[in-house]
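Just so you know, all these numbers are worked out from the coordinates, no wet-lab data involved. These figures come from a predicted structure and were not determined experimentally. Neighbour counts run over all protein chains shown; Cβ positions are idealised from the backbone, glycine included.
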Amino acid sequence: MLIKCILLLCVFQITFGRYEPNWESIDSRPLPAWFDESKQNFFNAEEWASLLNISGAKYVVMVGKHHEGFTMWPSNYSWNWNAMDVGPKRDLIGEVGAAIRAKTKLHFGIYHSLFEWFNPLFERDRSNAFKTQDFIAAKTMPELYELVNKYKPDIVWSDGSHAADDWYWNSTTFLSWLYNDSPVKDTVVVNDRWGINVNCIHGGFLNCGDRFNPKVLKKRKWENVMTLDKYSAGYRRNAKLTDYFTMLELLTEVAQTVSCGGNILINIGITKEGTVVPIYQDILTKLGKWLTVNGEGIYSSKPWTTQNDTISNYVWYTSKVINNEPFVYAIMLAWPQNNTLVLGAPKTSSTTVVSMLGYTGGNFSWKPNPAGGIQIMLPSMNVNEIPCNDAWVIKIQGVQ
């Protein structure tokens, strides 16, 4: 289901009627299948297509414009305050998008902040209690249409809507155009940050807030947008090693998110030179290796009937149907005592088969747990046999 460095492709035609500029109609538009199947996302990437590919990402979201108003493309609506006129003098959005699409199968998304900290037009609208929309007409909406028409993103990741309601931002007008008439109308995905009154309620998928991880199954598709630096989305030269997520902590976020039906968008802070520092490269490379072994239980998975085991609370579940056969995946975030994993949720049958992804030594012995569930006997493994170091995925067939 999850892993948002965040990859997949499934294009289909929408055969529904046109979408009206109101939330009831906007919310009725189904998510394209590629987004639900991806599971993991990558935030703030510029030209690191190969690193993203190695990391196991399915889609990448690049910052096109943050709250300071500086655009990472040569926008006609940000004169002398864009990456072509100032600084690198390059179309960074264009270069990154082209590299991602040419060298990987990742979907390419663009982050865009609706508001700007220092724009006098926005300040004037705010002083008018947002009863005027001069900033929207001159800046925000023209930029969004420009981004979509020029770069055709797979994701429009909106932010900065917290100052005003969706009416001020003209959100439904833009989204109805995006879904009806834009060049990406059948494949594009959007989030929920389109107004202070609609966050966590309306939109394509729900962010609700940064680092949103409810740890329970949600009715709507959602995304956990988190940062590898626990205290900052941007790069910090003075960050300590303990300020970063360990692999176990990151895999815990991944397991909890995917188990509960979400995608995970992982943010890394880039240096002012546009480079990815070694700590991020190391974490992402290790994540990619883990996904190479265990991706079967992550990508294209679905929530199971139980998310977190009732006995071993360090186990989170996903599920998948392969060749019409249902499988359950138990993601272990710790190794059980005495090599015996006791699970309370699965109901065994005469056809139950248990194995571990990446382990080549055969199936595992098991027996029904007297109090309900299953006891799985994990064999002793030497260093060359154990498939991973931080978390392991048990594959179970023939259970309910």
Sequence-distant residues sharing a close amide H with residue 277 (under 5 Å, placed H): 271
Trypsin sites (Lys or Arg not before Pro) within region 126-217: DSSP coil, no more than 13 neighbouring Cβ in 10 Å: 131, 211, 215
Proximal lysines relative to residue 89, as straight alpha-carbon distance under 20 Å, when same-chain residues fewer than 8 apart are discounted: 65, 150, 272
Among 118, 251, 35 the positive-end extreme of the charge dipole of the chain (Cβ point charges): 251
Centre separation in Å (Cα based) which lies between region 375-400 and region 82-121: 43 Å
Residues with amide H under 5 Å from that of residue 356, placed H, sequence gap 5 or more: 395
Projected-area average for region 315-397 over all orientations - Cα convex hull basis, square nanometres: 5.6 nm²
Local net charge near residue 349, Cβ-Cβ under 15 Å (Lys/Arg +1, Asp/Glu -1): +1
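How big is region 242-392 by the Kirkwood estimate over distinct Cα pairs, in Å?
Numbers: mean 1/r = 0.0596 Å⁻¹.
That comes to 16.8 Å for region 242-392.
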Structure-based [θ]222 nm, the chain - -39500 (n - 2.57) summed over DSSP H runs of at least 4, per residue, nearest 500: -6500 deg cm²/dmol
Beta bridges by DSSP in the chain, antiparallel share as percent, to the nearest 5: 50 percent
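Within region 256-334, list the trypsin sites (Lys or Arg not before Pro) lying in a DSSP loop whose Cβ has at most 15 other Cβ atoms in a 10 Å radius.
272
Within region 180-264, list the chymotrypsin sites (Phe, Trp or Tyr not before Pro) lying in a DSSP loop whose Cβ has at most 12 other Cβ atoms in a 10 Å radius. Display every interim value, and only then the final one.
Working: sites: 194, 205, 212, 222, 231, 235, 244, 245; in loops: 194, 205, 212, 231, 235, 245.
Answer in residue order: 231.
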Given 219/320; 219/302; 58/240, the pairs whose alpha carbons are separated by over 21 Å: 58/240
If the convex hull is drawn through the Cα atoms of the chain, its volume per residue in Å³: 150 Å³
Using a Förster distance of 45 Å, the FRET efficiency for residue 67-residue 390 (Cβ separation, nearest 0.05): 0.80
